[in-house]
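Following: one structure in structure tokens, then a few remarks.
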Amino acid sequence: LLIGTVGRVDFQKNPEKSLEIAKSYISENHNAKFLWIGKGSSRKKIIDSINLLKLEKHIIFPGFVKDIEPYFSIFDIFLLTSRYEGLPITIVKSLSLEIPVVSFKINGVNDLEKKYKSVFAATPFETKTFLKKLKECELYTKKNVDQIRKDSISIRNDFSNEGMFYKINNLYSKLLKY
């Protein structure tokens, strides 16, 4: 099982919480691996913590990668531990590639969770509920391939150029009526 994330390693993305979750999850699932692609102000501190906890065989931290596309194709689950987001594009990207997502229920994720069954949102910043959602997601990926595919098609349609144009055009039309 490969659980991946892509993003800056800084305060907003909450890498300490991600490490705490990974450590707990690995203690129960020794075959799990975590991959974080990105760089940032907290990267050295997180790598030092990984080494101190002797988790370097389970948590891979390659740093900045110019072409992240191939990495998405190997993720089984996408993980987002951000403290805040707008619209998390990495979640949209993951869902479009048939990768279910586990995140905290923060702005931007709320709406995605309501619409797509492949988004598992935990109570903000509670490790225990996040781990529960991660386990649910792992089981879900094995049993719900058709739903994951439906979510992928749906999000690609919703966020396609044509889909966005249609939504914006409808909004303008409604506003012009006032």
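The values are calculated or read from the model by the stated rules, or taken from the named source; none is laboratory data. All values derive from a computational prediction rather than experimental measurement. As a convention, Cβ positions derive from the backbone with ideal geometry for all residues, glycine included, and neighbour counts pool all protein chains shown. The accessibility values were calculated without ligands, DNA or RNA, using every heavy atom of the protein model including side chains. Shrake-Rupley method; radii C 1.70, N 1.55, O 1.52, S 1.80 Å.
Data overview
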item: Relative contact order [Cα under 8 Å, 6+ residues apart], segment 54-178, whole percent; result: 21
item: Burial ranking of peptide ranges 97-104, 57-64 (average Cβ count within 10 Å, highest at the top); result: 97-104, 57-64
item: Residue with peak Gaussian network fluctuation, the chain [Cα springs, cutoff 10 Å], from 19, 52, 134; result: 52
item: Virtual spin-label span in nm between residue 135 and residue 87, 7 Å along Cα→Cβ; result: 3.5
item: Whole-percent carbon and sulfur share, accessible surface of the chain, 1.4 Å; result: 56
item: Neighbour net charge for residue 51 - beta-carbon separation under 12 angstrom, K R +1, D E -1; result: +2
item: Heavy atoms of residue 16 accessible to a 1.4 Å probe, total area in Å² rounded to 10; result: 70
item: Neighbour net charge for residue 147 - beta-carbon separation under 11 angstrom, K R +1, D E -1; result: +1
item: Members of 33/142; 33/54; 39/128 lying beyond 24 Å, as alpha-carbon distances in this model show; result: 39/128
item: Solvent-accessible surface ranking, highest first, for 178, 25 at 1.4 angstrom; result: 178, 25
item: Folded to 0 to 90 degrees: helix 161-177 orientation relative to the chain principal axis, Cα; result: 50
item: Eligible aspartates and glutamates near residue 177 by straight Cα distance, threshold 20 Å, same-chain separation 8 or greater; result: none
item: Alpha-carbon radius of gyration plus Dmax, which is the widest Cα pair, for segment 37-125 in Å; result: 14.1, 40
item: Kirkwood Rh, Cα atoms: Rg over Rh of segment 129-178; result: 1.29
item: Approximate spin-label separation residue 168-residue 113, in nm, with each point projected 7 Å along Cα-to-Cβ; result: 3.0
item: Segment 1-51 - Debye-derived log10 I(q)/I(0), Cα point model, q = 0.28 Å⁻¹; result: -1.17
item: Calculated FRET value between residue 29 and residue 69, using beta carbons and R₀ = 30 Å, to 0.05; result: 0.65
item: Residue-averaged 222 nm ellipticity for the chain, from DSSP H runs of 4+ at -39500 (n - 2.57), nearest 500; result: -15500 deg cm²/dmol
